[in-house]
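Values in this text are rule-based calculations from the coordinates and carry no lab data. Just so you know, these numbers come straight off a predicted model, no measurement behind them. Don't worry about glycine lacking a Cβ; one is built from the backbone with ideal geometry, like all the others, and counts go over all protein chains shown.
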Amino acid sequence: MPASLPPFPKHQEPTDEPVLLELSSGEDEPCLRADAARNRARLLEAAARLVTEHGAACVTMEAVAVAASVGKGTVFRRFGDRTGLLTALLDHSEKKLQADFLSGPPPLGPGAPPVERLRAFGCAVLRHMADQLDLQLAAQPEPTRRFSSPPRRVLASHITMLLRQAVPDADGVLLAQTLLGSLDPALIHHLTKERGMPLERLEAGWIDLVARVTRTESAGLG
């Protein structure tokens, strides 16, 4: 890695701390908000039941409509498409993860040095992905939308912010995308399910990667 890189263009730099993103679609007009919220909760309950009973791969817009006893058009109007539906199912856990690294206790949250936060961040994301890997894989957007999805954007923004603090001479935006690639659900599935690697090995690998990228000494998992 070069010792020095030109500063990243000012107009493309992210803010110092990303804000909590709204991952799922908004509700209807105010006069319909109560009904819309009830219908949305009903549809998500039906979808969650399908995931539990049959797995995320079996969750389709048609199946959710049947399970919730509504027309298929209602599901499409509420969530847009299958990815929107599955993303909405992940909404609660994704927001909890965001809250943990944006405002939770250190080292994951503010108050610890940036490299320590990077180490804790990757380990937290790995555990988060592994806990619901089936749903995470099913909710992946199509290739043209994958890198602009709200969950990925906030993760990338957070890594970029920490890299700007730890290695200000690096291109934090590009480097953040490289680091984020090692936290991809498909890669985690391949390494843990197909290669049989324990999650602890992936966490140790993340800590080593952060140490090499930030030119610091590696640290144990603690």
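Gain in length, THR60 to ASP131, computed as 0.36 nm per residue apart minus the alpha-carbon separation, to one decimal in nm? List each step's numbers first, then the result.
Details: separation 71, 0.36 × 71 = 25.56 nm, distance 2.17 nm.
This chain segment gains 23.4 nm when fully extended.
For the pair THR74 and ARG49, how long in nm is the line joining their label points, each one 7 Å along Cα→Cβ?
Taking the two extended label points, one gets 1.3 nm.
Once you order the gyration tensor axes a ≥ b ≥ c over the Cα atoms, which shape class does the range 108-171 get: rounded for a/c under 1.5, otherwise prolate or oblate by comparing a/b with b/c?
Numbers: a/c = 3.25, a/b = 1.53, b/c = 2.13.
Oblate, because a/c is 1.5 or more while a/b does not exceed b/c.
So if each residue of separation counts as 0.36 nm, and I subtract the Cα-Cα distance between THR144 and ASP184, what length gain in nm does that give? List each step's numbers first, then the result.
On the way: separation 40, 0.36 × 40 = 14.40 nm, distance 1.58 nm.
Roughly 12.8 nm would be gained on extension.
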